[in-house]
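K.L.:
Below you'll find the structure I mean.
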Amino acid sequence: MQNDRLIRALRREPVDRTPVWMMRQAGRYLPEYRATRSRAGDFLSLCRTPELACEVTLQPLARFELDAAILFSDILTVPDAMGLGLYFADGEGPRFERPVRDAAAIRRLAVPDPAAELGYVIDAVQLIRKELDGSVPLIGFAGSPWTVATYMVEGAGSKNFAHIKGLLYDAPADLHRLLDTVARATVAYLNAQIAAGVQVVMLFDTWGGVLTPRAYRDFSLQYMQRIVAELVAGPDGSRVPSILFTKGGGPWLEDMAETGCDALGVDWTVNLDEARRRVGHRVALQGNLDPAVLYAAHRVIRAEVARTLESFGHGSGHVFNLGHGIHPGVDPAHAAAMIDAVRELSPPYHAT
Ligand code: CP3
């Protein structure tokens, strides 16, 4: 691999500068993404057409000096493959035609065969690896079982999680059964991504932060830990590093670091110096610039990048990223300012 900074930083091995990529780096803030999506017709058709998914995966790399590509897909392809009927209502985010609300519906769910129902993702991974031609590593991903289950049970995005929290408190055994099925589906799916060529995997636990500490352990972390433990090695026999990201997971970094993962994604509500003190001897850290900083002037972006690098401090084990996905309204030139600042300001933190 020509640029292995990301892999080295995830293993906390020396690097010449801090690697950088952005969550949602292929997305609506890029005019070329919007053009390809309109050629595809809609977001799901884009996901389901490997040539177009490959094209948008590579778009941010053509514009910026990024240290990683992330597979273009979505965490909700897994429940879609389980037959829930995913669709996107205009401007309303994801929805399911057939949400899962009771024990009978949970019992009917089966683990999809990644080579069949999710074959389009596996094809996209192979195509992207071929096009990348070893330039930068490819990150694969899935949602955490808890986060995927929130959409399956609510049937859409949610503010107070009435239905899934109803299950959690009234019928925890049913919810565990659902999470177990999603976890098994996720292991099969991520292992198929690894076999097809992804070199890092990331679990997105966007909604773990809405749980109590105890419920987080029992209903989210436990399942992520199982997934991490069941990941296979890459086709060349090397360990594929894993990143766990729980948005709002700041209070539980120690528990997350005990799962056997290689790195934690950190949002902007925790300072990296504190996170490093608490867990940096066990795992690498990824993050954590507030995505809203990218609305500010270039000199402000540069100063906030400098502050984030200084917060992590000297040595390897930091992957620069936003604390959550880039907002659709951000000017791409501002993303470039962030990436340039990481490239220019980080080498002194790696000088021996
Ligand atoms: O990071 C990347 O560039 C990889 C691609 C990626 C997408 N979704 C593309 C996408 C990844 C890693 C995801 C993960 C995802 N999807 C999460 C977890 C990550 C997070 O942000 O916390 C969640 C909760 C979803 C579910 C989902 N998909 C939602 C809530 C939405 C609507 C979001 C919105 O801003 O409207 C999507 C759609 C989606 N997934 C888009 C993209 C680029 C926007 C679709 C469009 O083109 O209109």
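K.L.:
Looking only at residues in the stretch 310-345 that are among the small types (Gly, Ala, Ser) and assigned to a helix (DSSP H, G or I), which one is nearest to the chain's Cα centre (by Cα)?
P.N.:
Among those residues, the one meeting the criterion is Ala335.
K.L.:
Separate question: Just to be sure before I move on: is Ser311 in contact (Cβ under 8 Å) with a residue 12 or more places away in the chain, surrounded by fewer than 22 Cβ atoms within 10 Å (Cβ to Cβ), over 21 Å from Val201 (Cβ atoms) and of a type in the set (Ser, Thr, Tyr) in the structure I sent?
P.N.:
In short, yes.
K.L.:
Being hydroxyl-bearing (Ser, Thr, Tyr) and open to solvent by 50 Å² or more (accessible area, probe 1.4 Å), is that true of even one residue in the stretch 176-185?
P.N.:
No: the stretch 176-185 contains no residue that is hydroxyl-bearing (Ser, Thr, Tyr) and open to solvent by 50 Å² or more (accessible area, probe 1.4 Å).
K.L.:
Checking Arg95 against (1) within 27 Å of Leu52 (Cα to Cα); (2) more than 11 Å from the ligand (Cβ to nearest atom); (3) basic (Lys, Arg), only one condition comes out false. Which one?
P.N.:
Arg95 satisfies every listed condition except (2).
K.L.:
A further question on this structure: Give the stretch 198-250 a look and list any residue that's at positive phi and within 16 Å of the ligand (Cβ to nearest atom), or say none.
P.N.:
Hit for the stretch 198-250 is Gly248, nothing else.
K.L.:
Name every residue in the stretch 292-308 that is surrounded by 22 or more Cβ atoms within 10 Å (Cβ to Cβ) and without any contact (Cβ under 8 Å) to a residue 40 or more places away in the chain, in order of residue number.
P.N.:
Thr308
K.L.:
May I ask you to list pairs of residues, at least six apart or on different chains, whose Cβ atoms are under 8 Å apart, with the first in the stretch 73-92 being farther than 11 Å from Phe43 by Cβ and the second being basic (Lys, Arg) and open to solvent by 10 Å² or more (accessible area, probe 1.4 Å)?
P.N.:
Here the result reads Gly83/Arg98; Leu84/Arg98; Gly85/Arg98; Ala89/Arg95, each pair linking the stretch 73-92 to a residue that is basic (Lys, Arg) and open to solvent by 10 Å² or more (accessible area, probe 1.4 Å).
K.L.:
Which one of these is within 16 Å of the ligand (Cβ to nearest atom) and under 30 Å from Phe312 (Cα atoms): Leu86, Leu52, Leu71, Leu10?
P.N.:
The match here is Leu71.
K.L.:
If I filter the stretch 60-80 down to residues being open to solvent by less than 20 Å² (accessible area, probe 1.4 Å) and part of a helix (DSSP H, G or I), which single residue comes out as farthest from Arg5 (Cα to Cα)?
P.N.:
Pro79
K.L.:
Then there's this: Residues to consider are Arg24, Arg28; find the one that is open to solvent by 10 Å² or more (accessible area, probe 1.4 Å), in contact with a Pro (Cβ under 6 Å, 6 or more places away or on another chain) and within 9 Å of the ligand (Cβ to nearest atom).
P.N.:
Step by step, each of Arg24, Arg28 is checked, and only Arg28 is open to solvent by 10 Å² or more (accessible area, probe 1.4 Å), in contact with a Pro (Cβ under 6 Å, 6 or more places away or on another chain) and within 9 Å of the ligand (Cβ to nearest atom).
The values are calculated or read from the model by the stated rules, or taken from the named source; none is laboratory data. Given the structure is predicted, the values throughout are model-derived calculations rather than measurements. Note: ideal-geometry Cβ built from the backbone for every residue, glycine included; neighbour counts use all protein chains shown. Surface areas here come from the heavy atoms of the whole protein model, side chains and all, with no ligands, DNA or RNA. Shrake-Rupley method; radii C 1.70, N 1.55, O 1.52, S 1.80 Å.
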